[in-house]
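The values are calculated or read from the model by the stated rules, or taken from the named source; none is laboratory data. Computed from a predicted structure; not experimentally measured. Cβ: placed from backbone, ideal geometry, glycine included. Neighbour counts: every protein chain shown. These area figures cover heavy atoms from the full protein model, side chains too; ligands, DNA and RNA do not enter into them. Shrake-Rupley method; radii C 1.70, N 1.55, O 1.52, S 1.80 Å.
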Amino acid sequence: MTGTLLLDPPAGTPYARVRFGLDDGTELLFCDPRRFGTGELARSSEELSAFFAARLGVEPLGEEFTAERLLELARGRRTPVKAFLLDQKSIAGVGNIYADEALFRARIHPLRRAGALNRAQLAALRDAVVGALGAGLDAGGATIDDFRHADGVMGAFQDEFLVHRRAGEPCPVCGTPVRKFVAAGRGTYACETCQKRPRRR
């Protein structure tokens, strides 16, 4: 996501969302032009664990993120699979970019109902989520607007996108132009040849 933590920033630093005054008199500021971030103060590791447990689902890079677990989470869900992936209470840490990239890798259309996916599709989706996140980590994240590492270096995953932000460009698998549309309230990219659109009921 976007946002930056700044220690003792200059007065008037824009987009300040959270301020923490530290014991030594310095100030820690969280700035985010997109207003996604927030801040909470946990006074112990137990408070921190309880905070996350109430808000976050399974960690996609952890051992608990299996095809079987994904099947349990998706069972009965009528929501589109893109919205399912973005729901942090189901799966933690999958954002818009990684949802698009994972769905393309798994050959699943973003509008398909999560609960309608079969065991093989969910196994492919699990592997695709892990693969997309791993590729993003290896590339240092994606710099689209303002993301930077703490040392100011930009990420490079945006140079490796298969479909995200590639509307009108040829699909890297079949050559069909990548299409952009809205799913789960977010700009979404897919190849509708490789990722068959579900039929309307």
Open item on the list: Restricting to region 172-190, name every residue that is under 21 Å from the mean Cα position of the chain (by Cα) and more than 15 Å from ALA132 (Cβ to Cβ).
Closed with: VAL178, ARG179, LYS180, PHE181, VAL182, ALA183, ALA184, GLY185, ARG186, GLY187
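To keep it simple, each residue is scored yes or no on (1) open to solvent by 40 Å² or more (accessible area, probe 1.4 Å); (2) out of contact with any Cys (no Cβ under 7 Å at 6 or more places or on another chain); (3) at pLDDT 95 or above; (4) part of a strand (DSSP E or B).
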{"site": "ALA150", "(1), (2), (3), (4)": "yes, yes, no, no"}
{"site": "VAL153", "(1), (2), (3), (4)": "yes, yes, no, no"}
{"site": "ASP159", "(1), (2), (3), (4)": "yes, yes, no, no"}
{"site": "HIS164", "(1), (2), (3), (4)": "no, yes, no, no"}
{"site": "LYS180", "(1), (2), (3), (4)": "yes, yes, yes, yes"}
{"site": "THR188", "(1), (2), (3), (4)": "no, yes, yes, yes"}
{"site": "THR193", "(1), (2), (3), (4)": "yes, no, yes, no"}
{"site": "LYS196", "(1), (2), (3), (4)": "yes, yes, yes, no"}
{"site": "ARG201", "(1), (2), (3), (4)": "yes, yes, no, no"}
Open item on the list: Restricting to region 7-21, name every residue that is farther than 30 Å from ARG186 by Cα, part of a loop (DSSP other than H, G, I, E, B), open to solvent by 70 Å² or more (accessible area, probe 1.4 Å) and in contact with a strand residue (DSSP E or B) (Cβ under 7 Å, 6 or more places away or on another chain).
Closed with: ASP8
Task: Tally, over region 22-54, of residues that are farther than 27 Å from GLY140 by Cα, assigned to a loop (DSSP other than H, G, I, E, B) and open to solvent by 100 Å² or more (accessible area, probe 1.4 Å) - done: 4
Open item on the list: Being surrounded by 12 or more Cβ atoms within 10 Å (Cβ to Cβ), touching a residue at least 40 places away in the same chain (Cβ under 8 Å) and farther than 30 Å from LYS180 by Cβ: is that true of THR66 here?
Closed with: yes
- [ ] Provide a single number: the residues in region 86-123 that are at pLDDT 95 or above, open to solvent by 30 Å² or more (accessible area, probe 1.4 Å), in a helix (DSSP H, G or I) and within 24 Å of ALA167 (Cα to Cα).
- [x] 2
